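Just so you know, all these numbers are worked out from the coordinates, no wet-lab data involved. As the structure is a computational prediction, the values presented were derived from the model and not from experiment. Because the Cβ atoms are built from the backbone with ideal geometry, glycine has one as well, and the counts that use them run over all protein chains shown.
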Amino acid sequence: MRYWEDFTVGMVMEFGGYEVTEEEIIEFATDYDPQSFHVDKVAAKEHFFGGLIASGWHTGAMCMRMMVDNYLIDAASMGSPGIEQLRWKKPVRPGEILHVKAEVLDSSLPKSRPELGFVKFSHTVLNQNDEIKMTMISSGMFLRDPARKGEEAGR
């Protein structure tokens, strides 16, 4: 189990290998962002982007899946107070393989909730050619490890 104490400022995690399929792009967009350049291959060719692309919200969802699979699934996560910044840098296209670079930017303890701590992350979604597709700065809340209380003095 990973606790607040395990996410130290400067820590970098790299993970992923999520293959984006045309079918998934169309399915997600049909349900949540049915713009022509997300759902119609023919219309997408005539659009500014020159072909089918994933919704930015889909890119965010794929990032979230990789985060869960690679560090949140075994963490004492208590959710998130939100996203500070989200940028879609380049379109995600069918056939790309995405991975994430996550860095811990800050770590803090609230006075009102001594059982948990906040961790601010920078997440960068890249494709197989290391082209940046999306960036996000967000915070997570994690329980503190009862066996290691007091470690914050050296952070």
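Remarks
- Order of F118, F48 under a 10 Å beta carbon neighbour criterion, fewest first: F48, F118
- Contact order normalised by residue count of the chain, Cα under 8 Å, 6+ apart, percent: 31 percent
- Ordering V119, V39 from the fewest to the most neighbouring beta carbons within 10 Å gives V39, V119.
- In terms of other Cβ atoms within 10 Å, F121, F49 run from fewest to most in the order F49, F121.
- Here the translational diffusion coefficient of the range 1-67 follows from Stokes-Einstein with Rh set to the Kirkwood radius across Cα pairs; for 10 °C and 1.306 mPa s it amounts to 115 µm²/s.
- The chain: antiparallel DSSP beta bridges as a percent of all, rounded to 5: 95 percent
- Rounded to the nearest 20 debye, the dipole magnitude of the range 1-151 is 560 debye, with +1 charges on Lys and Arg beta carbons, -1 on Asp and Glu beta carbons, and the Cα centre as origin.
- Along each principal axis, Cα extent of the range 9-155, largest first, Å: 60, 28, 23
- Extent along the principal axes, Cα only, for the range 56-105: 34, 22, 18 Å, with the longest axis given first.
- Positive-pole candidate from A43, F28, Y71, dipole of the chain, charges at beta carbon: Y71
- Neighbourhood charge, 14 Å Cβ-Cβ cut-off, centred on E22 and excluding it, Lys, Arg +1 and Asp, Glu -1: -3
- Dipole of the range 1-140 computed with +1 at Lys/Arg Cβ and -1 at Asp/Glu Cβ about the Cα centre; of G16, G82, V92, farthest Cα towards the positive end is G82.
- Between helix 56-67 and the chain: long-axis angle, C-alpha atoms, 0 to 90°, nearest 10: 40 degrees
- Overall form of the range 73-155 per C-alpha gyration tensor (a/c, 1.5; a/b vs b/c): prolate
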